[in-house]
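J.: Before we start, here is the structure in question, set down as structure tokens.
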Amino acid sequence: MEKIDIKSLSFTELEEKLKELSLPKFRAKQIYSWLRKGVESFDEMSNLPKSLREILYNIFDIRGVKIKKRLESRVDNTVKYLYELYDGECIESVVMQYHHGYTVCISTQVGCRMGCSFCASGIDGLIRNLSASEMLAQVEMAGKDNGVRISNVVLMGMGEPLDNFENVVRFLQLVSDEEGVNIGLRHISVSTSGLVPKIYDLMETGYPVTLSISLHAPTNEIRNKIMKVNHAYPVETLLKACSEYTKNTRRRISFEYALISGVNDTDECADILAKKLKGMLCHLNLIPANPVKENSFSRPNDNKVQRFCELMKSKGINTTVRRTLGGDIDASCGQLRRKSKEEGS
């Protein structure tokens, strides 16, 4: 019989499982407390009788993450992790320090099926989805290893979060649980490359998370070339869903826009984009594209980035340029995992 992934259970579900085993109710709180501390085995639960730990071991499985590589930036204290999972697969996560606290960017899949041409995460395709517990473990390990409280979470690492919808929703329930990590949903951002039906599904949950859209182009002609998902859900369809999302949730959408030299960084692109976003409750986050050796894309120079930003602002669009963090440690999605695979480490 396959063991139960205990860290993917809510507190109430854990209580019910222990009740089925005729165990006293107070044990659930003890076990849940240990799990939220990021223990890797039942043997670490020192206030539980050995006989109970053996019962738990035979029925449940603790799926955490193990640090395979840890890189710390000498520039801004950003920490990049390569984590190994229970089955030997690897994922990436990044801890960033801001004036408001510590943010962790987590992965939701091993690899990615979206195939965006500027991203290293999907070069090898999708290997598998992460469980809610494996997402939660990234948050817990980030706080534990750095000795800090994580205040914000962004689901913007490896993978397409809305392509792993059920596990992501379960993660949101667990990470915001007052008995657990207790990070408010308003402090969590969920990104998507544009899976329109799932945007509506997320809207229906009523969760007050920030929706972040990987837009990266103002027209179907350009977006079709760099993002395969656009063939299924064109720009107009995507932006209509975004407009519905903001109207129903009253939450501002963040549009991510990776500026690629000679592709989507022209004045004409800025003009088209501004017209399409005008009137929507949104913020535009410009990201100078990171070079990926598997493609020929390059980032525009700083003057070009600043011009694009100023053009958008002049047209009434709330726009900022993302602060570059961890540039000296391959902190962009998928780079560390691919490097590790190539080195055979």
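J.: Among Q138, Q109, Q173, which one shows the biggest mean-square fluctuation in a GNM of the chain, springs joining Cα atoms closer than 10 Å?
T.: In the Gaussian network model the winner is Q173.
J.: Ok, one more. In the range 40-93, what trypsin sites (Lys or Arg not before Pro) fall in a loop by DSSP, with at most 13 other Cβ atoms inside 10 Å?
T.: Answer by residue number: R74.
J.: Which residue, S51, S298, S131, tops the fluctuation ranking in a GNM of the chain built on C-alpha contacts under 10 Å?
T.: Result: S51 has the largest fluctuation of those listed.
J.: Label points 7 Å out from Cα along the Cβ direction at E166 and K68: separation in nm?
T.: 2.7
J.: Same structure, new question: Could you check the simple spin-label distance between I4 and Y98, using points 7 Å along Cα→Cβ, in nm with one decimal?
T.: The two pseudo-label positions are separated by 3.7 nm.
J.: Ignoring everything except DSSP H segments at least 4 long, calculate the 222 nm mean residue ellipticity for the chain; use -39,500 (n - 2.57) per segment, divide by total residues, nearest 500.
T.: Computed mean residue ellipticity for the chain: -10500 deg cm²/dmol.
J.: Taking the Cα-to-Cβ direction at K315 and at N182 and moving 7 Å from each Cα, how far apart do the two end points lie in nm?
T.: The answer from the label model is 4.6 nm.
J.: How big is the shadow of the Cα convex hull of the chain, averaged over all directions, in nm²?
T.: Its Cα hull, projected and averaged over all orientations, spans 18.1 nm².
J.: Quick check: residue separation of R322 and R113 times 0.36 nm, minus the Cα distance between them. What number comes out in nm?
T.: Length gained between R322 and R113: 72.7 nm.
J.: Right, another one. Running a GNM on the chain with Cα contacts under 10 Å, which residue among L21, L136, L202 ends up with the highest mean-square fluctuation?
T.: L21
J.: OK, next. For the cross-link pairs K19/K66; K240/K313; K29/K50; K29/K80, which exceed 24 Å when the distance is taken from alpha carbon to alpha carbon?
T.: Going by Cα-Cα distance, K19/K66; K29/K80 fall outside the 24 Å limit.
J.: Could you tell me what a quarter of the Cα convex hull surface of the range 4-61 works out to, in nm² with one decimal place?
T.: Value for the range 4-61: 3.4 nm².
J.: Kindly list the residues of the range 188-224 that lie in the label zone of A232, defined by a backbone N under 13 Å from the point 7 Å along the Cα-to-C-beta vector.
T.: Hits in the range 188-224 for A232 at 13 Å: 193-199.
J.: Here's another thing I want to ask about it. If the limit is 27 Å between Cα atoms, which of K247/K304; K198/K276; K144/K228; K225/K278; K7/K198 go over it?
T.: K247/K304; K144/K228
J.: Continuing with this model, one more query. Using alpha-carbon positions, what is the distance between the centroids of the range 38-62 and the range 99-137, in Å?
T.: Here the two parts' Cα centres lie 29 Å apart.
J.: Using the Kirkwood radius built from alpha carbon pairs, what does the Stokes-Einstein equation give as D for the range 14-113 at 10 °C and 1.306 mPa s, in µm² per second?
T.: Answer, rounded: 98 µm²/s.
Only the coordinates and a few stated rules stand behind these numbers; no lab work does. These figures come from a predicted structure and were not determined experimentally. A quick note on method: Cβ atoms are made from the backbone with ideal geometry, for glycine too, and the neighbour counts reach across all protein chains shown.
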